[in-house]
Structures are given as C-alpha cells and as structure tokens.
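I have placed the structure first, in the form of structure tokens, so that the comments after it can refer back to it.
Every read-out reported here was derived from the displayed coordinates using simple, explicitly stated rules and does not represent laboratory data. All figures in this text were calculated on a predicted structure; none of them were measured in a lab. Cβ placement follows ideal geometry from the backbone for every residue including glycine, while neighbour counts extend to all protein chains displayed.
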Amino acid sequence: MRTPYYQYDLGILQNTLKSIEECTAGNPDWHVHYAIKANANPLLLKHINEYGLGIDCVSGGEIQTALDNGFPASSIVFAGVGKADWEIDLALNAGILCFNVESEAELDVIAERCAALGKTAHIALRVNPDVDAHTHANITTGKAENKFGIEIPMLLPIIRKAQQNPCFRFEGLHFHIGSQILDMEPFCLLCQKINDLQEMLEKEGITLHSINVGGGLGVDYVNPEQNPVPDFRQYFDVFRNELKLRPGQQLHFELGRAIVAQCGRLITKVLYVKQGTIKKFAIVDAGFTELIRPALYGAHHKIVNLNSDGPLQKYDVVGPICESSDVFGKDEMLPEVHRGDLLALMSAGAYGETMASQYNCRPLPASEPGKF
C-alpha cells in the first residue's frame, strides 16, 4: 500500500473492548458510548458495535456515520456547543437517546425545532464543574473559562425551564472535564462535585434519571507496546466507589481515545536523510496532514523504525508540509535510518485519521488491518 497509511491491529482493539466489558460487568445501569470523533473508520466501528457500545457524537455528520454503520439511534448521545438547526433536526428525526445541551440558548432552539417537527427531545444539561483535568490546555474542557457547558450558579433556573417545557424529557446532567487524563484525582473531584450537586438539586425537589460523566481516560504514549490496553479497572472503580448513585439511576460514559488510540499506527516512508551542520533529519512522506497532534498540541508519538536494527543515531523526524511545525519528533534516537525505511508512529488510532486534511492538495491516507 502506498505510504503514508494507517494500520489497525484489531486484536488490540478487541482486547481493549473485552477489558471494558469485564470492568463494567454486573452494572446493568452503566452504559459506555464510544466518542466517534476519535476515529470513524468503519473497520473499527464494526467491532465497537459488536461489543454493544453506544455512540457519543458532536456533529450531525457523526450521527449519520453512526447510523450508517449500524448503531441504533437509541444508543446515540449528542453533545457540542454549536449544534446547527439541520443537525438538531437530524437527531430529532432519528430519535436519538439524548441531547447533551450546553447552553440556555441551545435549549431554546431545540424547543423551536421540536415544535416545528412535532417531536419530543430527551435532554441532559451539560454542566461545567470547574474541575482542572491537569492536561493540555487545548483539551481541557471542564474549567470555568472553557466554552463548554453551563456553570453551576446558572443551572437551577435552566433545569426548571427544561422541566416545564412539554417538548422535553429532562433526563439529567452531563459532564466532561477533558482528555488524556492519567491521574485519577480529577475524576475523584468530579464525583465529589456531582455528589454535592445532586444533593443540592434534591433539596429543590429535582431528581436525576441519568448522569453522564463523559470520558477523558488517557493512554500510554511513551510505552504503547508495554501498555496497549489502558487501566480501565482503576478508571471505572473511581466511579464505582466515589459516585453516590441513586437506585435505578443510569450512568453513562463517553470514552474515545482510550478505546482506539493504541490499536492504530501511522506508517510512513523515509524520503531523504539530510545531514545539516548540527542536526540530521529523517524526512518522511507523512506530515501533519495525516497526524496533526504533534503540530497542534505538541504531542509526541513513539517512533519505530520497522526496517533497521543498526546502531542508534539521533534524528529530527520531519514531514514534507511547507510549515515549520511539521515535525513529528526532535532528537529521536532511532536505529540508523536509510531512504526507503518504513517508520511507524505509534498510538495513532485516536485523533489521527479522523483529523487528516488535504492541505497542500495531498490525498487523504488509506488504511488497512494489520498486526503490530
């Protein structure tokens, strides 16, 4: 296959899904939704669907993709701060499980669309809990200055408004504090916030049918081969032990990266080895058009030379895009690199292929199954 392309190890994906299944067994009121924004490749969606996961969407396109890949509308939740009218209509006509509503203004528009279409919407209100996820600023979503969700002091009158509108079935609250979280403390703090908030609402006569805690569990980008499956046991135990659910209360999770990151890698070919006065560059045929995370977040993916076992040398691994930010790694210690060698950028199953672009008029990358 012509490089660059994505390769997916379905064995790793299945082991990941099995781990989720085992860690949530015995909890019939728990529901895991896959955050499809992480990767919408049909090859992966087929296996995720077979394990009975629902879908978390943030656009009309994602809703349609989920439906086209066999996920029932009754398993789809729809978040996002900027839902367009056509996206709301699509979700209403499909009969999705729940809208995660992010503002009073959005609530008003959904009510208008319900009235126009003669539909009823099941809604949860997304709360901004002001919890610091201790992760990169661009993927933190639960602090007071973030654009997502409704701040707690504004919540009660909006709940009342939702309850009084016959177009709505008020289900509960939705939270999501960020992404690539490896320290469980932010999740513990989230549980404490939810517990306090639920007690406050109950004093106001408001009961919640469901609580959605979002996702955010991170993966090991440093040693992906040693840790191909995240520690789901520790993650789910936080909510099992810290969250005070009421009898029959539904608990929803929205995991994305943790499900698919480690099953994907980007394969790229070395075009040139360029010797500078100080640095040596391995110039590859993949760029931030195929994997934007390093340029966008300063993220690092482990790089493996698939063709060489020569002595280790230091390289800056860079792409062909005409931007200085098109760098995958600096001072990478790799077995001696030659023109034509294939390099693998590991842990690229999440926010890789799905964020690919055609900048510089480049074709979108292909994909294939494979075993690492």
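Taking +1 at the Cβ of each Lys and Arg and -1 at the Cβ of each Asp and Glu, which of Pro129, Ile152, Phe99 sits farthest along the dipole of the chain towards its positive end, judged by Cα position relative to the Cα centre? Of the candidates, Phe99 comes out farthest on the positive side. Computed about its Cα centre, the charge dipole of region 10-261 is approximately 400 debye, with only Lys, Arg, Asp and Glu carrying charge at their Cβ.
With axes computed from alpha carbons, what is the tilt in degrees of helix 155-164 against the longest principal axis of the chain, rounded to the nearest 10 within 0 to 90? The angle comes out near 60 degrees.
Kindly express, to the nearest 10 degrees and within the range 0 to 90, the angle between helix 85-94's C-alpha long axis and the longest C-alpha principal axis of the chain. The helix 85-94 is inclined about 70 degrees to the chain. Tell me the net charge near Phe175. Cut-off is 12 Å between Cβ atoms, Phe175 excluded, with +1 for each Lys or Arg and -1 for each Asp or Glu. Value of the local net charge: -1.
Of the cross-linked pairs Lys18/Lys193; Lys119/Lys193; Lys83/Lys244; Lys161/Lys203; Lys18/Lys371; Lys37/Lys203, those separated by over 27 Å at the C-alpha level are Lys18/Lys193; Lys119/Lys193; Lys83/Lys244; Lys37/Lys203.
The residues packed around Phe288, meaning those with a beta-carbon under 15 Å from its beta-carbon, carry a net charge of -3 if Lys and Arg are +1 and Asp and Glu are -1. What FRET efficiency comes out for the pair Glu204/Ala366, r = Cβ-Cβ distance, R0 = 41 Å, nearest 0.05? E(calc), rounded to 0.05, equals 0.15. Partners of Lys302 within straight-line reach, counting aspartates and glutamates whose Cα lies under 18 Å from its Cα and excluding those fewer than 8 residues away in the same chain: Asp9, Asp220, Glu225, Asp285, Glu290, Asp316, Asp326, Asp331, Glu332, Glu336, Asp341, Glu353. Here the label points at Leu271 and Ala105, each 7 Å from Cα along the C-beta direction, are separated by 4.3 nm in the simple model.
For region 1-158, the alpha-carbon coordinates run over 51, 42, 40 Å along the three principal axes, in decreasing order.
Only one residue of Asn227, Cys114, Leu53 has its Cα farthest out toward the positive end of the dipole of the chain, where Lys and Arg carry +1 and Asp and Glu -1 on Cβ, and that residue is Asn227.
Counting only other residues whose beta carbon sits under 15 Å from that of Thr277, what net charge do I get with K and R as +1, D and E as -1? Neighbourhood net charge equals +3. Left without a cysteine partner by the 4.7 Å Cβ rule in the chain: Cys23, Cys57, Cys98, Cys188, Cys191, Cys263, Cys322, Cys361. Dipole of the chain computed with +1 at Lys/Arg Cβ and -1 at Asp/Glu Cβ about the Cα centre; of His252, Gln14, Phe71, farthest Cα towards the positive end is Gln14. In the chain, the DSSP-assigned H stretches of four residues or longer account for a calculated mean residue ellipticity at 222 nm of -8500 deg cm²/dmol, using -39500 (n - 2.57) per stretch and the full residue count as denominator. The percentage of C-alpha pairs in the chain whose separation is greater than 25 Å is 57%. Taking every alpha-carbon pair under 8 Å whose residues sit at least 6 apart, the chain reaches a relative contact order of 20 percent.
Helix 104-117 against the longest principal axis of the chain: what's the angle in degrees, Cα atoms only, rounded to the nearest 10? So the inclination is approximately 80 degrees.
Can you give the alpha-carbon Rg of region 291-372 over 2.2 N^0.38 Å, where N counts its residues? Don't jump to the answer; show the numbers that get you there.
Numbers: Rg = 13.3 Å, N = 82, 2.2 N^0.38 = 11.7 Å.
Taking the Cα Rg and dividing by 2.2 N^0.38 Å, one obtains 1.13.
Each label was represented as a point 7 Å from its Cα along the Cα-to-Cβ direction; for Asn227 and Asp331 these points are 2.3 nm apart. For region 332-361 versus region 251-325, the inter-centroid distance based on Cα atoms is 4 Å.
Cβ crowding within 10 Å ranks Phe328, Phe288 as Phe288, Phe328, fewest other Cβ atoms first.
The ranking of Ile283, Ile177 by Cβ neighbour count inside 10 Å, starting from the fewest, reads Ile283, Ile177.
Note on Ser179, Ser74, Ser367: ascending count of other Cβ atoms within 10 Å places them as Ser74, Ser367, Ser179, the fewest first.
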